[in-house]
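As structure tokens, the structure follows; a few thoughts come after it.
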Amino acid sequence: MMKTYLDEDADALDGFEFLTMAEAGEVGHWSVLKTLNQTANSSEIGDLVEWALPIQERHYAGVTQTSLELASEEDPNEPA
């Protein structure tokens, strides 16, 4: 998947956009697991989700912030 988004012409923004998508997927995965565990009520899964979800949310916030900063430096009218 990474090769689809990041070819030899990729720049930092392209890389951080890819990381943003990947981290969003991680947040989504752990959020789904948390919801499933509301029915399963596994203390082991609950402990793992409590540990992992905040980490993934921080990762997502960090790469999103960097993506937005890089995007703000781009000239949208610059020829490709």
With respect to E69, determine if the residue is surrounded by 14 or more Cβ atoms within 10 Å (Cβ to Cβ) and acidic (D, E). no
Taking segment 24-53 and keeping residues among the acidic types (D, E) and within 21 Å of T64 (Cα to Cα) leaves E26
In this structure, is S43 loosely packed, with under 13 Cβ neighbours inside 10 Å and either free of Cβ contacts under 8 Å to residues at least 12 places away in the same chain or in contact with a helix residue (DSSP H, G or I) (Cβ under 9 Å, 6 or more places away or on another chain) (or both)? yes
Matching entry among E74, E78, E44 (being of a type in the set (D, E) and at pLDDT 95 or above): E44
Return only the number of the condition from (1) closer than 15 Å to G15 by Cα; (2) outside any helix (DSSP H, G or I) that S67 does not satisfy. (2)
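The values are calculated or read from the model by the stated rules, or taken from the named source; none is laboratory data. If you're wondering where the values come from, they're calculated on a predicted model, not measured in any experiment. Quick reminder, even Gly has a Cβ in these numbers, built from the backbone with ideal geometry, and neighbours come from all protein chains shown.
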